[in-house]
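Some notes on the structure that comes next.
The values are calculated or read from the model by the stated rules, or taken from the named source; none is laboratory data. Keep in mind that this is a model prediction, so the values were computed, not measured. Using ideal geometry, Cβ is built from the backbone for each residue, glycine included, and neighbour counts are taken over all protein chains shown. The protein model used for the area step is the full one, side chains on, heavy atoms only, and it has no ligands, DNA or RNA in it. Shrake-Rupley method; radii C 1.70, N 1.55, O 1.52, S 1.80 Å.
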Amino acid sequence: MTILVTGGAGYIGSHTCLELLTAGYDVVVFDNFLNGHEEALRRVEKIAGRSLRVVEGDIQDKVALVHALRTYQCTKVIHFAGLKAVGDSVSDPLPFYKNNVFGSITLLDAMAECGVKSIIFSSSATVYGDPQWLPITEDHPLTVKNPYGRTKLMVENILRDLFHADPSWSIGILRYFNPVGAHPSGLIGEDPRNEPTNLMPYIAQVAVGLRPYLRIWGDDYPTLDGTGERDYIHVVDLARGHLAALAALGAPTLFSVNLGTGESHSVLEMVDGLKHASGREIPTERHSRREGDAATCYADPSFAKSLLNWEASLGIQEMCRDQWNWRVNNPNGYDT
Ligand code: NAD
Ligand code: UDP
């Protein structure tokens, strides 16, 4: 079975391509390399001992999508491609609506034209807004606080409308909590092109000496140690969640599931974890809260377990070990 993976050269996409190849799927990556790396795909092939096909293209280009779907006879799509920097989405929203919303509509249009009606979509826990209860279940109200989140919710709604109009589609909406870590080989990992805004890549860059200190955004939250708490999930667990979701797309269906661990860890716990994994000092500076941040957020992952027979198996120790392993072996990412 051949899977078209949009955004397959990115962080989560590359780890998922590796799991797909290892499980015996044929893979066609469709990526414009705006934030992805060809080197990541070469390394995926190296680890898997199998090759994949790469089509350089933009998901806003329907002709290119139809061509890729037909040429390689793809039967299912995993759709990662998009922009994800929340701050950029506030200062410059139009590229987000073009890439994430128009790009997704174009992809669905191309799929419909080719009779390919199975898709997994990368959504995010950001669609829950400020948690009204914890752990967050899939029936939590959906509200968003920034244009990035709005694009995710818009595409979710488009997918729901599409399914209601044509129930022959198979649609899996996966709401990721906080993906971290890297493949244990240390060959692939997250390689942000700009200064990271997410916690774990930032801590790893401090540990390796690329940045002087970590700014802790708020130490007066009503949490165990005052710093923000999140549901960090190892990217390999997350990638495997996509394979479980793919298996559930055999018949027409529409589902939305949380991919998280059900546990939360504070900023200070993650700093300690990386300190331990690296054996290095991680200087920190305490700052006021970052606008829009919730104190605590974590998933109820039980629906993923019952629907997909998937659950996370890797803990904070493996997350920190692999985050460090990737960064210390590739201090400048794929350009090392
Ligand atoms: P990433 O930036 O590493 O990967 C995205 C990939 O999509 C890149 O390879 C990029 O080159 C490609 N791309 C972007 N726009 C494209 C376009 N118009 N046409 C073709 N390719 C395009 O991001 P990631 O962390 O791997 O995230 C993957 C998906 O998961 C995204 O949709 C993101 O919004 C979502 N998500 C990520 C997180 C996270 O914390 N990383 C959390 C929740 C949801
Ligand atoms: N955080 C921090 N310093 C940073 C980046 C993040 O203290 O440089 C904190 C942030 O306030 C939150 C947690 O780390 O409590 C996770 O932030 P991230 O941006 O990784 O994920 P999100 O807030 O989107 O869940």
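Each of LYS305, LYS76 has its accessible area taken with a 1.4 Å probe; listed largest first, they run LYS305, LYS76. Element breakdown for the chain at a 1.4 angstrom probe: carbon and sulfur atoms account for 49% of the accessible area.
Cross-link list LYS145/LYS275; LYS46/LYS76; LYS46/LYS117: which exceed 26 angstrom alpha carbon to alpha carbon? Pairs exceeding the cut-off: LYS145/LYS275; LYS46/LYS117. For the stretch 86-91, backbone phi angles converted through the Karplus equation (6.51, -1.76, 1.60; θ = phi - 60°) give residue-by-residue couplings of 4, x, 4, 5, 7, 7 Hz, Gly and Pro being listed as x.
Amide hydrogen proximity for GLU229: with H placed 1.01 Å from N in the peptide plane, the residues at 5 or more positions away or on another chain lying under 5 Å are THR296, CYS297.
For LEU214, the residues whose modelled amide H falls within less than 5 Å of its own, excluding neighbours fewer than 5 places apart on the same chain, are THR284, GLU285. Scalar couplings 3J(HN,Hα) for the stretch 47-57, obtained by applying the Karplus form with A = 6.51, B = -1.76, C = 1.60 to θ = phi - 60°, are 5, 6, x, 9, 9, 10, 9, 10, 10, 7, x Hz; x denotes Gly and Pro. Rounded to the nearest 10 degrees, what's the angle between the helix 267-278 long axis and the longest principal axis of the chain, both from Cα atoms, 0 to 90? Relative to the chain, helix 267-278 is tipped by roughly 90 degrees. With the highest mean first, a sort of the peptides 86-95, 264-273 on other beta-carbon atoms found within 10 angstrom per residue produces 264-273, 86-95. Once the mean of 1/r is taken over each pair of separate Cα atoms and inverted, the chain shows a Kirkwood hydrodynamic radius of 20.1 Å. Across the stretch 1-153, the mean sequence separation of Cα contacts (distance under 8 Å, 6 or more residues apart), normalised by length, yields a relative contact order of 23 percent. Note that the stretch 187-192 has calculated 3J(HN,Hα) couplings of 8, 10, x, 8, 10, x Hz, one per residue in order, obtained from phi through the Karplus relation 6.51 cos²θ - 1.76 cosθ + 1.60 (θ = phi - 60°); glycine and proline are x.
Seen from a random direction on average, the alpha-carbon convex hull of the stretch 245-336 projects onto 9.2 square nanometres. Taking 17 Å as the straight-line reach from the Cα of LYS152, the lysines in range (excluding those fewer than 8 positions away in the same chain) are LYS84, LYS98.
Between 0 and 90 degrees, the angle of helix 235-247 with respect to the longest Cα principal axis of the chain falls at about 20 degrees. P(r) for the stretch 194-276, from all Cα pairs and a bin width of 5 Å, is 3, 12, 18, 18, 16, 12, 9, 7, 5, 2, 0 %, short bins first. How big is D, in µm² s⁻¹, for the stretch 181-336 by Stokes-Einstein at 20 °C and 1.002 mPa s if Rh is the Kirkwood radius over C-alpha pairs? In µm²/s, the coefficient rounds to 129. For TRP310, the residues whose amide H sits under 5 Å from its own are LYS305, ignoring neighbours fewer than 5 places away on the same chain, with H placed 1.01 Å from N. Rolling a 1.4 Å probe across the protein heavy atoms gives the stretch 140-179 an accessible surface of 37 Å² per residue. All Cα-Cα distances of the stretch 122-227, cut into 5 Å bins from zero to the largest, leave 2, 9, 13, 16, 18, 16, 13, 7, 3, 2, 1 percent in each bin in turn.
Entry note, the stretch 122-198: relative contact order of 32 percent, from Cα contacts under 8 Å with a spacing of 6+ residues. Divide the volume of the convex hull of the Cα atoms of the stretch 1-107 by its number of residues and quote the answer in cubic angstrom per residue. Taking the convex hull of the Cα positions in the stretch 1-107, it is 83 Å³ per residue.
For the pair the stretch 28-66 / the stretch 92-108, the C-alpha centres are spaced 19 Å from each other.
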